[in-house]
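What follows draws every value from the coordinates through simple rules; no lab data is involved. Keep in mind that what you see is a predicted model, and the values were worked out from it rather than measured. In this analysis, Cβ positions are derived from the backbone assuming ideal geometry, glycine residues included, and neighbour counts consider all displayed protein chains.
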Amino acid sequence: IRPAFQFNNAPRSGPVGAIVYVIELADTDSFGNKLAIWTVAEQPNQTTLASPQDLAPSKQYFWHVRAYDPTTTGPWSATQVFQTPAPIVIAPPVGPPSSGPAPPDAINLGSAAVYNSPADIANWARTATMTSISMSSSAGLSLEFSTKGSWPDVVPPGWAGPLQYTVWAVVNINGRWNTSGFIQMWRGRASTGAPILSDFARNWAYDSRWGPMAGYQPHAGEQMGFFVSAGNARGEGGVSSIRERSNVVVVALPAGDNGNFSFSLGSLPLFMRR
């Protein structure tokens, strides 16, 4: 597990030289046992460093950062904390798909608890390949996948118009993966409109229908899975003319709800290598 460390650049007054940041990683907030010390040159606006080494699963880590140039060393930032998820089990291909096959799931949906959505989602034909996810603090998530625009529209009860697919999130809480089809997407809707870090508890999992996810607020660096399914999967009696979905991908949630992730066959996103 290799999360990304992302932070806003340090403010400065007066002339400065080339700025470099030093990151310390530890297993306690006292930093008495430093597990790693890394440096990275400043990047425009925000600076990001993908962990150069693998971190242990199901473990809590603490980190902080400070800036320096050839003449001045800045103060340490506030200490940040995150927990790596439980080991990810790669599921065998599900089939036979109607077209595909798509890459394997990065999380075994068969071992995930499903809430407010079809309980057999793990067995739906995996015919779509996730190709990218863009995260925006203003617009939420925009997902691209190989069958986008080709799944047939459905009209859920009470709806005036059709929708085409549903966005799912897979969340690790206390070592257990949980999932649900949260956001209903129709043709022309470009993004979910609800950023994860700022709005998950309020606009994604906001009541008891979502079990342990209800009121849960993810943090930067946390790993979360995403995928899409055909038709309407929000509610246990979801409406779908075909039972198809994409593969599951995993990303490390970027600080500030802003980040771009690309996927390809047999690979994981830039910000999370295994």
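Over segment 4-83, the fraction of Cα-Cα pairs per 10 Å bin, rounded to whole percents and listed from the shortest bin up, is 16, 51, 26, 6, 0.
Put a plus charge on the Cβ of each Lys and Arg, a minus charge on the Cβ of each Asp and Glu, and nothing anywhere else: the dipole of segment 1-68 about its Cα centre is then about 80 debye. The ranking of THR72, THR192, THR48, THR147 by Cβ neighbour count inside 10 Å, starting from the fewest, reads THR72, THR48, THR147, THR192. Going from the fewest other Cβ atoms within 10 Å to the most, the residues HIS64, HIS219 appear in the order HIS219, HIS64.
Give me the net charge of VAL16's neighbourhood, meaning all other residues with Cβ under 13 Å from the Cβ of VAL16; Lys, Arg count +1, Asp, Glu -1.
The answer is -1.
All C-alpha pair distances within the chain, sorted into 5 Å bins from zero, spread as 1, 5, 12, 16, 18, 15, 11, 8, 6, 4, 2, 1, 0, 0 percent across the bins.
For segment 109-262, the extents of the C-alpha atoms along the principal axes are 36, 28, 27 Å, listed from largest to smallest.
Normalised by the number of residues in the chain, the mean separation of alpha-carbon contacts (under 8 Å, six or more apart) gives a relative contact order of 20 percent. Each Lys or Arg adds one and each Asp or Glu takes one away; over the other residues whose Cβ falls under 13 Å from the Cβ of VAL248, this sums to +1. Springs join every pair of Cα atoms under 10 Å in this Gaussian network model of the chain, and among TRP210, TRP63, TRP38 the largest mean-square fluctuation is at TRP38. Can you tell me what share of the DSSP beta bridges in the chain is antiparallel? A percent to the nearest 5 is fine. Beta bridges within the chain, antiparallel portion: roughly 90 percent. Of the residues ALA10, GLY32, ALA56, the one whose Cα sits farthest toward the positive end of the charge dipole of the chain, with +1 on the Cβ of Lys and Arg and -1 on the Cβ of Asp and Glu, is ALA56.
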